[in-house]
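Colleague: Attaching a single structure in structure tokens format; questions to follow.
The values are calculated or read from the model by the stated rules, or taken from the named source; none is laboratory data. Computed from a prediction, not measured in an experiment: that's the story for all the values here. Cβ placement follows ideal geometry from the backbone for every residue including glycine, while neighbour counts extend to all protein chains displayed. Heads up: the accessible areas ignore ligands, DNA and RNA and are worked out on the full protein's heavy atoms, side chains in. Shrake-Rupley method; radii C 1.70, N 1.55, O 1.52, S 1.80 Å.
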Amino acid sequence: MTRFTKAELEAARDRFVPDVVADGLHVLFCGINPGLMTAATGHHFARPGNRFWPVLHLSGFTPRLMKPSEQDELLSYGLGITNVVARATARADELSAEEYREGGRQLAAKVEQLRPRWLAVVGVTAYRAAFDDKKAQVGPQERAFGDTRVWALPNPSGLNAHWTAATMAEEFGRLRVAAET
């Protein structure tokens, strides 16, 4: 794992992290926004405490535990990654309500263009903010974008103490089963 100084991480705020996408994916995972470690490395969910990659494997989406640097391999499994907001921050609470709303509009346009079977927003709070759905709960949503169905997942950040890796893997697994049918 590459170590970054605080100054290097702060400088990463200006970096753009490319999406890992293709037309017609089974599931397009959508994070809240890139963290500074993600921006510094260019790899989604790169912070060591983030549980996205372990949960993706535990839930059966990938046959092995992948590293963030192997993110492009997701496309071979029909999976991709994007974000609600492209701007990198140290914490999601640095984002404004308008950034979430605008990110939701841009995400809807992206989904309509790419046509994944499922959009999985990784963080129900981000889903609520991006799509002004204050009552949304983790699980499948009524909202759809064309033929793309939507699922709100728990945030895999290590700061999310309400969900363990095991309980997150169960929810991700429910999505995996739905995506296979």
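Colleague: Taking the conditions exactly as written (closer than 20 Å to Leu119 by Cα and either part of a loop (DSSP other than H, G, I, E, B) or of a type in the set (S, T, N, Q) (or both)), does Ser76 satisfy them or not?
Modeller: In short, yes.
Colleague: Would it be correct to say that Arg115 is in contact (Cβ under 8 Å) with a residue 12 or more places away in the chain and more than 16 Å from the chain's Cα centre (by Cα)?
Modeller: Numbers: in contact (Cβ under 8 Å) with a residue 12 or more places away in the chain: yes; more than 16 Å from the chain's Cα centre (by Cα): yes.
In short, yes.
Colleague: Restricting attention to strands (runs of 3 or more DSSP E) lying wholly within region 99-181, give those where 1 or more residues are open to solvent by less than 20 Å² (accessible area, probe 1.4 Å) and at positive phi.
Modeller: Where strands (runs of 3 or more DSSP E) fall fully within region 99-181 and carry at least 1 residues being open to solvent by less than 20 Å² (accessible area, probe 1.4 Å) and at positive phi, they are 139-145.
Colleague: Right, next: Kindly provide the set of residues from region 26-44 that are under 23 Å from Trp151 (Cα atoms), part of a loop (DSSP other than H, G, I, E, B), open to solvent by 10 Å² or more (accessible area, probe 1.4 Å) and out of contact with any helix residue (DSSP H, G or I) (no Cβ under 6 Å at 6 or more places or on another chain), ordered by number.
Modeller: Asn33
Colleague: Every residue in region 81-96 that is open to solvent by 60 Å² or more (accessible area, probe 1.4 Å) and over 17 Å from Asp19 (Cβ atoms), please.
Modeller: Arg91, Asp93
Colleague: Mind checking which residues of region 37-92 are among the charged types (D, E, K, R) and over 18 Å from Leu107 (Cβ atoms)?
Modeller: Arg47, Arg51, Arg64, Lys67, Glu70, Asp72, Glu73, Arg91
Colleague: Pairs needed: first member in region 33-62, without any contact (Cβ under 8 Å) to a residue 12 or more places away in the chain; second member anywhere, open to solvent by 30 Å² or more (accessible area, probe 1.4 Å) and outside any helix (DSSP H, G or I); C-beta distance under 8 Å; at least 6 residues apart or different chains.
Modeller: Every condition considered, the pairs that remain are His57/Pro63; His57/Arg64; His57/Leu65.
Colleague: Then there's this: If the requirement is being at pLDDT 95 or above, out of contact with any Gly (no Cβ under 8 Å at 6 or more places or on another chain) and not hydrophobic (A, V, I, L, M, F, W, C), which of these qualifies: Arg174, Arg105, Arg115?
Modeller: Arg105
Colleague: Right, something else. Would it be correct to say that Asp72 is farther than 20 Å from Asn155 by Cβ, of a type outside the set (A, V, I, L, M) and open to solvent by 50 Å² or more (accessible area, probe 1.4 Å)?
Modeller: yes
Colleague: From the set of residues in region 47-80 that are touching a helix residue (DSSP H, G or I) at 6+ places or on another chain (Cβ under 7 Å) and aromatic (Phe, Trp, Tyr), which is farthest from Asp23 (Cα to Cα)?
Modeller: Residue satisfying both the conditions and the ranking: Trp53.
Colleague: Mind checking whether some residue in region 50-70 is out of contact with any strand residue (DSSP E or B) (no Cβ under 6 Å at 6 or more places or on another chain), modelled with pLDDT under 95 and among the small types (Gly, Ala, Ser)?
Modeller: For region 50-70, residues out of contact with any strand residue (DSSP E or B) (no Cβ under 6 Å at 6 or more places or on another chain), modelled with pLDDT under 95 and among the small types (Gly, Ala, Ser): absent.
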